[in-house]
């Protein structure tokens, strides 16, 4: 009768194997699920983004996902939000609003192109099933985060470059909306010349202080 070599079987079990078999919990599990969700989203777009697809990719089950997110659109929003936090847009400080805006929008185009292009890939299907609007989706992306674009505008107000009375909620977001429109409709990075046109010919004329309202230099 052959004797089983138990020591050999023990030797083949490494700390790495043990670590792999340990169940992920809490924040570590959620981060892992969001990473899987981003990988599915970036490879299939919204058209192929389902709870089943994410669960399969993550090696888990749909109930695990539904305990944290009520819909595919919520999961997609949090996956994109995590990606944005990991790849933040730089906050330029050139000393003047015009150059700050151009630099910020240029960085936004290069860091967010991959995300905005996803919306051309079946987004209507995901949002239709969840009965959620794009506005609610973007609010979830921004929840609890300080807008660096708003910081740029606040510094310009403090320097006296723009009239705060002219910064209505819609106008203050106008450059971002125009850049997103360009990216949605062309599915290409926005050329710097177009960004400069948006800043110089559209936004700044709307918000600059009139000569009468500018503070006089001592």
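The values are calculated or read from the model by the stated rules, or taken from the named source; none is laboratory data. Since we're looking at a predicted model, the values are computed, not measured. Reconstructed Cβ throughout: ideal geometry from the backbone, glycine too, with neighbour counts over all protein chains shown.
Considering only the range 155-185, state which residues are within 19 Å of the chain's Cα centre (by Cα) and either outside the structural domain of residue 115 (by TED's automatic domain parsing) or free of Cβ contacts under 8 Å to residues at least 60 places away in the same chain (or both).
173, 174, 177, 178, 181, 182, 185
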Legend entry - Test set (1) loosely packed, with under 13 Cβ neighbours inside 10 Å; (2) under 21 Å from residue 173 (Cβ atoms); (3) over 14 Å from the mean Cα position of the chain (by Cα) - residue 90 fails condition number: (3)
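I'd like to know if the range 61-71 contains one or more residues that are under 30 Å from residue 201 (Cβ atoms), surrounded by fewer than 19 Cβ atoms within 10 Å (Cβ to Cβ) and at pLDDT 90 or above.
Checking the range 61-71: not a single residue is under 30 Å from residue 201 (Cβ atoms), surrounded by fewer than 19 Cβ atoms within 10 Å (Cβ to Cβ) and at pLDDT 90 or above.
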Inset, instruction - Would you check if residue 76 is surrounded by 14 or more Cβ atoms within 10 Å (Cβ to Cβ) and either at pLDDT 95 or above or in the same structural domain as residue 159 (by TED's automatic domain parsing) (or both)? - result: no
Inset, instruction - Considering only the range 36-61, state which residues are part of a helix (DSSP H, G or I) and in contact (Cβ under 8 Å) with a residue 40 or more places away in the chain. - result: 37, 38, 41, 42, 44, 46, 47, 48
Inset, instruction - Filter the range 62-71 down to residues that are touching a residue at least 24 places away in the same chain (Cβ under 8 Å) and assigned to a helix (DSSP H, G or I) and give me whichever is nearest to the chain's Cα centre (by Cα). - result: 65
Legend entry - Among (1) at positive phi; (2) surrounded by fewer than 16 Cβ atoms within 10 Å (Cβ to Cβ); (3) in contact with a helix residue (DSSP H, G or I) (Cβ under 7 Å, 6 or more places away or on another chain), the one test that residue 45 misses: (2)
Inset, instruction - Check off (1) surrounded by fewer than 12 Cβ atoms within 10 Å (Cβ to Cβ); (2) at pLDDT below 95 for residue 193 and give me the number that stays unchecked. - result: (2)
